[in-house]
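Beneath this line is the structure, given in structure tokens, with notes to follow.
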């Protein structure tokens, strides 16, 4: 199917009405992708209990969003939920996992550790300060660990991102990452900038 | 057994052992030379029977340039504890392995080697356990520096 | 018999060779419960050797502890064994209280015991669900979580967190009990007792589950002790070592409960011991919930950075997985000179290297699950 | 019963209607292929949706709710997503086999569907060796699984594929053995004849006791053949990550997924056809008014209802039982099911010779 997604835009676009067709196709594909986010069975620490397990369990039921089909193989998963701390030993493996996933792939970083290193920033020789040091992240879900409801909000944000931000015309181009449960008016860039300023005076490497 | 009884029992086995002060339970400091023999006796002596090595770790007394190796023993038979410690120099930290006495020591010693750099003689498989194999330095030593590490706000 | 006649085995032996091969199980694998990596040496389906590779979530907690005050260190223990966060908190609190001579009162100890036991049940519920899932039955997972949510609700009302509690601190507990606590716990017990029977019907009495567990992965008592295994793993092997009984802390000395002990040390015994422990925990809670003594819930001002006199303190508690110990080395300041945590899973995990060889891959999964490991607790 | 129904099959009708020209023939074939693919796709999607909903309700959950009313378009979304997902072929894999393997699995399923008598008129090919044919083509599916496992160059895949091979070949024996019981009783291998022979009572109870035994054996053995819990060893998620299809993504993975679910339907349809009277309505001998009410439902609906009941049963198993171990699986087949199957077959032969039939209704 790669053929269709790659060649189609160039072929159809010049034809009269072609861009309408393309936009409709975009809408259908994005609808399908956003409603069928199959997560990879992957969790490193505490967040996995809340985000992968409790969220999928009876009370919260991730299945309502069609995202309960956790795939143990990265080849078949769409969504990599970085649930928990990433340490320096794990970092190459996380990258490998991400690379093993088939396009389109999405990443949600849940919890403080996966966003910035969380409680493990200072005096720590081992913890990577955020999953975005290693792989591109689409949605950040804050919390330590986030509640399942917060994770759902993150999933809904990701769905919104997919529906609005993707097109066959510009493959691979994504919307900017968002922080789920973000106070109004603050972007993730601002927060990252702030963090950078906090860390840099001490000669830290981000 | 009571604390003082335990200590005198250990001293009967190893006269050079001295009680370690300021520990909340029976504790002795033993010389490194005959450490393995002492530990073997502690495990097998019917009155003591320390059959479980609860935990093994090290303390980096950097001011005194020594590493204190702490062994916390427990007896499931008599239900008493004993903390045995020994000091090795920081720069040449070598210690006999307890792996033959308590199999779990194999991994606990690997951890202490990984984080403190203590070399255990007689250990079958001494390699890093928690960190990557190519890691430089021993992070739990007090003088460990790493340009990855950030110092916290005061 | 003439030399011309050969057996089939000899025939195959001449023509074909069997080859052992290595397989990586993890760091990302559905049944290693996190990022544990096991290198398996297999011959066909049979496991010849298991080499655990750790450290994929080693977060350097002990190093961080040297820079944090005692109160601050409590929150890091939540993140070790996050399924028994309260017991871990308690271990630190106990160590500091012992070392600094901080007194607590009856109410504090009762609250601690109650919440720790509630979380023990929650932890075993989660284990039960995941164990079912590892056996290939998905439904227990959902049932376990359904009931676990009730406990989480009760704890959340009082504590304000679902998982990482940071509740028990040196000199007390962070918040007083919620007014509804007693009522809700009683309701929960009434609700959960029949559900426990449901657990038994769904998994314990299932013939396939029994076949998968009985006789699989036998850990001898002597072996378990030598490996330093604790908790249900040790008790299933027939050693009745439970800190709650042998050196009572909290108010365990005042309540009646039994220590379930297994006979053979196989997966079934480990399973049964945990299910039985749920019953015992319910018993403990039932005895305590009626009369919670009056008093203050926190005897130390929250902002105080406790100074601990010079010396070494080792304190232990019994978590859902075994003995969690804190070795606290102080040089008289308000931060520890060195803090070492002895985690139950680190020792328990190594049992897998002793019990797995000779069994199949499927049994290996059962065994890992029956050890009930939590990886951040191993790696620290 | 029997005489009232028209016995012409769909294929015969089409053959009558089809003019001799080549073009029309090609058009007919194209139409049939598109129709069949659509049928399979819709069937598969419906089954996957049903599975997710059934699972959810067993587990005190709701299941898919957001995509369409009660999430009925959930599997549509999944399918479209999988269609447009990257198709990875690992660098170290055997490329040709890797690409081809899913088609083998899919083909086996499609071929089996051909022979199923879904109603007196809807049956694509009514061959006189129908039972044999279905046994043969369903066994063909294992080839796809083996190829997938082998070509992926992944040890987990290989383990899964080897498990699948051993399991499917073993259980084929028992499944066939239990089918033979029905063949003995009805005296035919033609599926439409077998259905018609059940006008007076379904074989599950009309064949004295042996019918029930054969049905149970068939159900167990077929579950193993299609790798459903408690026999889902080839893809045992907790053991082998994803088993033989670990390295598959996108469309090719979807084909395995679809084949698995349509296989479930094939097994249910076979159980229905052979043991539960196929499209025959439920009749009680002598109670004409009751029979008349039962006849109101068309035969196709009867077939669908009975198959759905068996499908539900299979799902029920899946969400209740743990998985067997590989040696227990073999023990169950060779030491339990096969001896019972043999004895049952002999008992059935005896019953046929002496004419012991049950007419309970």
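The values are calculated or read from the model by the stated rules, or taken from the named source; none is laboratory data. Because the structure is a prediction, the values reported are computed rather than measured. Positions of Cβ are generated from backbone atoms using ideal geometry, with glycine treated the same way; all protein chains shown enter the neighbour counts.
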Item to complete: Examine the stretch B:133-153 for a residue that is closer than 17 Å to residue A:127 by Cα, touching a strand residue (DSSP E or B) at 6+ places or on another chain (Cβ under 8 Å) and touching a residue at least 12 places away in the same chain (Cβ under 8 Å), and state whether such a residue exists.
Response: yes
Discussion item. On the basis of being free of Cβ contacts under 8 Å to residues at least 60 places away in the same chain, out of contact with any strand residue (DSSP E or B) (no Cβ under 7 Å at 6 or more places or on another chain) and within 14 Å of chain A (Cβ to nearest Cβ), does residue B:116 make the cut?
Written reply: no
Practice prompt. Name, by its number, the condition in (1) part of a loop (DSSP other than H, G, I, E, B); (2) out of contact with any strand residue (DSSP E or B) (no Cβ under 6 Å at 6 or more places or on another chain); (3) buried (at least 24 other Cβ atoms within 10 Å of the Cβ) that does not hold for residue C:301.
Written response: (3)
Practice prompt. Count, please, the residues in the stretch C:46-70 that happen to be surrounded by fewer than 20 Cβ atoms within 10 Å (Cβ to Cβ), more than 10 Å from chain B (Cβ to nearest Cβ) and over 26 Å from residue A:93 (Cβ atoms).
Written response: 2
Response to the item:
Over the stretch D:191-219, the set of residues surrounded by fewer than 21 Cβ atoms within 10 Å (Cβ to Cβ) and part of a loop (DSSP other than H, G, I, E, B) is D:199, D:200, D:208, D:209
Worksheet, complete the sentence: Apart from one, (1) more than 12 Å from residue C:117 (Cβ to Cβ); (2) buried (at least 22 other Cβ atoms within 10 Å of the Cβ); (3) within 15 Å of the chain's Cα centre (by Cα); (4) touching a residue at least 24 places away in the same chain (Cβ under 8 Å) all hold for residue C:243; the odd one out is (2)
Discussion item. Looking only at the stretch B:17-36, count every residue that is over 10 Å from residue B:3 (Cβ atoms) and within 14 Å of chain C (Cβ to nearest Cβ) and tell me the total.
Written reply: 5
Worksheet item: Can you tell me which residue in the stretch B:120-154 is modelled with the highest pLDDT, limited to those that are away from chain A (no Cβ under 14 Å) and either under 19 Å from residue C:351 (Cα atoms) or surrounded by 15 or more Cβ atoms within 10 Å (Cβ to Cβ) (or both)?
Response: B:120
Discussion item. Going by what's in this entry, would residue A:22 be described as touching a helix residue (DSSP H, G or I) at 6+ places or on another chain (Cβ under 7 Å), more than 14 Å from chain C (Cβ to nearest Cβ) and either more than 27 Å from residue D:54 (Cα to Cα) or touching a residue at least 24 places away in the same chain (Cβ under 8 Å) (or both)?
Written reply: yes
Worksheet item: Which of the following residues is within 7 Å of another protein chain (Cβ to nearest Cβ), surrounded by 24 or more Cβ atoms within 10 Å (Cβ to Cβ) and part of a loop (DSSP other than H, G, I, E, B): A:63, A:102, A:67, A:57?
Response: A:57
Discussion item. One residue is enough: does the stretch C:307-319 have a residue meeting the conditions more than 22 Å from residue B:25 (Cβ to Cβ) and modelled with pLDDT under 90?
Written reply: no
Practice prompt. Please determine, by comparing only the residues of the stretch A:105-140 that are within 14 Å of chain B (Cβ to nearest Cβ) and part of a helix (DSSP H, G or I), which one is modelled with the lowest pLDDT.
Written response: A:118
Worksheet entry | Exclusive hit being buried (at least 24 other Cβ atoms within 10 Å of the Cβ) and part of a helix (DSSP H, G or I), set D:254, D:301, D:259 | D:259
Practice prompt. State which residue pairs qualify: first residue under 20 Å from residue D:87 (Cβ atoms) and inside the stretch A:6-17, second residue surrounded by 11 or more Cβ atoms within 10 Å (Cβ to Cβ) and modelled with pLDDT under 75 in any location, beta carbons under 7 Å apart, and separation of 6 or more residues or different chains.
Written response: A:8/A:168; A:9/A:168; A:9/A:169
Fill in: Candidates C:144, C:132 - the one that is touching a residue at least 60 places away in the same chain (Cβ under 8 Å), crowded, with 23+ Cβ neighbours inside 10 Å and within 14 Å of chain D (Cβ to nearest Cβ)
C:132
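Conditions (1) within 11 Å of another protein chain (Cβ to nearest Cβ); (2) part of a helix (DSSP H, G or I); (3) touching a helix residue (DSSP H, G or I) at 6+ places or on another chain (Cβ under 9 Å); (4) surrounded by fewer than 21 Cβ atoms within 10 Å (Cβ to Cβ), marked per residue:
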site: D:60; (1), (2), (3), (4): yes, no, yes, yes
site: D:64; (1), (2), (3), (4): yes, no, yes, no
site: D:89; (1), (2), (3), (4): yes, no, yes, yes
site: D:92; (1), (2), (3), (4): no, no, no, yes
site: D:97; (1), (2), (3), (4): no, yes, yes, yes
Worksheet item: If you go through the stretch C:276-296 one residue at a time, do you hit one that is closer than 21 Å to residue C:173 by Cα, part of a loop (DSSP other than H, G, I, E, B) and within 14 Å of chain B (Cβ to nearest Cβ)?
Response: no
Practice prompt. Identify the residue in the stretch C:309-321 that is more than 11 Å from chain B (Cβ to nearest Cβ) and in a loop (DSSP other than H, G, I, E, B) and, among all such residues, is surrounded by the most Cβ atoms within 10 Å (Cβ to Cβ).
Written response: C:319
Worksheet item: Has the stretch C:118-129 got at least one residue that is over 23 Å from residue C:258 (Cα atoms) and either modelled with pLDDT under 90 or buried (at least 24 other Cβ atoms within 10 Å of the Cβ) (or both)?
Response: yes
Worksheet item: Right, residue C:159: at pLDDT below 90 and more than 29 Å from residue C:268 (Cβ to Cβ) or not?
Response: yes
Worksheet item: From the list D:264, D:330, D:294, D:270, which one is within 14 Å of chain C (Cβ to nearest Cβ), out of contact with any strand residue (DSSP E or B) (no Cβ under 6 Å at 6 or more places or on another chain) and not in a loop (DSSP other than H, G, I, E, B)?
Response: D:330
Worksheet item: If you take the residues of the stretch B:43-66 that are in contact with a strand residue (DSSP E or B) (Cβ under 9 Å, 6 or more places away or on another chain) and more than 14 Å from chain C (Cβ to nearest Cβ), which of them is nearest to residue B:109 (Cα to Cα)?
Response: B:65
Worksheet item: Applying the selection to the stretch C:71-88, what residues are within 9 Å of chain A (Cβ to nearest Cβ) and either at pLDDT below 85 or in a helix (DSSP H, G or I) (or both)?
Response: C:75, C:76, C:78, C:82, C:83, C:85
Worksheet item: Which residue, of D:330, D:264, is buried (at least 24 other Cβ atoms within 10 Å of the Cβ) and modelled with pLDDT of 85 or more?
Response: D:264
Discussion item. Looking only at residues that are touching a strand residue (DSSP E or B) at 6+ places or on another chain (Cβ under 8 Å) and facing chain C (nearest Cβ under 9 Å) in the stretch B:90-104, which one is surrounded by the fewest Cβ atoms within 10 Å (Cβ to Cβ)?
Written reply: B:101
Worksheet item: Does the stretch D:132-154 contain at least one residue that is assigned to a helix (DSSP H, G or I), free of Cβ contacts under 8 Å to residues at least 12 places away in the same chain and surrounded by fewer than 24 Cβ atoms within 10 Å (Cβ to Cβ)?
Response: yes
